[in-house]
Ligand code: PGA
Ligand code: ZN
């Protein structure tokens, strides 16, 4: 104590003392002892509690005994995590999911909610579900919630929220498995996202800038899923997602308008044909159609009737989610919903080539199943020069599989879904690997979502230029579009918008 630095401040300088105290507190100084000496004019005390400094009176002099170096190692930063709390909420399908609250020592509180997929890849990080049949048919997430509250929270409290990679790595180590099956990717991601948001809030930056830096100013082309099939709908269409891509629009705002208008016209066309206009999980229409090609033709009609030029103003992107119609995960395939029947990988590739000649398709995700690496290679060899070939279930946002895909030329882009891998930092690593290889990366929501708009900021931060986050319907989808509108507005003239 005797060698501690002391501040000695006189009666008139009490305000000054407070300023010094507060400023030094912000810089991380802590006091081991405060002694107030002399007259005690207002009958109030000056005290230090747990290193915090506060004052309420006038003193002749006050001494602040600064902590010694070794003691200061435990100093609390403004952005240190002071509390983490999780709870069970519902996602857009009414299934339980995890929400996490993080509090920092400066009082910042953030919240983040975890999405959930339906057409999942085999190698995705594990979403921990309770398996207790008496609650939500076994889909409860109380175990994941408990893992946040009882395991992750005590381990992370005191860590600096701005050290995202360190925090994520610490959680991965605590889990101790390759697929986060111990604590649950839903538990870990909830904390990871809430920590990122807390860091952004405490540093006074919008989340997209906090994660992406000052250069983060490229809005995403909204690949709007306007017609749903496969696992996401109860109809006779095999392809899971038909997306309208407003690549010819001058701005995000206009692009969003192009495809939202197309969505509304599509509804009218379907109504005229006496077809259902109820929507699938991601908000796209889910009618029974004559064939998969009928879906493409109807979308082209909608684009034209909305006043846009197919291919020029609005192109088409597809997600086959071919796992869902593969007989086993390596192929062959059975286009069971449409009744088109059994097909080999080569048949699907020929079909794709045929469609590419007829329709303005610019991106094709999971044209084949996740075990069909040969098929993917052949698809990319034949068509990768013309369109973006995206691996979703094939790569599951995991650098282990993306690396193999790059080495083997299995695709030329990866889908990026935060909950496939389970932390913000690992998702960023997957993006980095794509970028380094000259690949594109396509940021994506899940079919089960919440009102959390984290994804919108994340997509702008990653600077990849496109995202998919559903249709112009269902608030959990619209929340992301609205956040992107906000970001565009905030960026003003600095905002960029282009396809490639
Ligand atoms: P999911 O589907 O979120 O249901 O897994 C999305 C996709 O396949 O891209
Ligand atoms: Zn997909």
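Computed from the coordinates by the stated procedures, all read-outs in this text should not be read as laboratory data. The shown structure was predicted, so the numbers you read here are calculated from the model rather than taken from an experiment. Positions of Cβ are generated from backbone atoms using ideal geometry, with glycine treated the same way; all protein chains shown enter the neighbour counts.
Per-structure values
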item	result
Highest-first arrangement of 124-131, 166-173, where packing means the average Cβ count within 10 Å	124-131, 166-173
Rounded FRET efficiency, nearest 0.05, which uses the C-beta distance separating residue 500 from residue 273 and R0 of 41 Å	0.75
Highest-first arrangement of 174-180, 323-329, 196-202, where packing means the average Cβ count within 10 Å	196-202, 323-329, 174-180
Distribution of pairwise C-alpha distances over the chain, 20 Å bins, in %	22, 48, 20, 9, 1
Approximate spin-label separation residue 159-residue 85, in nm, with each point projected 7 Å along Cα-to-Cβ	2.1 nm
By average C-beta atoms within 10 angstrom, highest first, the peptides 285-294, 417-426, 335-344	417-426, 285-294, 335-344
Antiparallel %, DSSP beta bridges [both residues in the chain], to 5	70 percent
Residue 133/residue 374 FRET efficiency (R0 35 Å; Cβ-Cβ; nearest 0.05)	0.30
Reciprocal mean inverse distance between Cα atoms of region 81-204 - Kirkwood radius, Å	14.5 Å
Angle between the chain longest axis and helix 252-272 axis [Cα atoms, degrees, rounded to 10]	40 degrees
Directionally averaged shadow of region 218-497, computed from the convex hull of its alpha-carbon atoms, nm²	13.1 nm²
Gain upon complete extension [residue 304, residue 435; 0.36 nm per residue less C-alpha separation]	43.7 nm
Near-label residues of region 200-223 by backbone N, under 11 Å of a point 7 Å along Cα→Cβ of residue 106	200-205
R0 of 45 Å, Cβ-Cβ distance residue 358-residue 489: FRET efficiency to nearest 0.05	0.70
Cα centroid of region 232-292 to Cα centroid of region 320-343, whole Å	22 Å
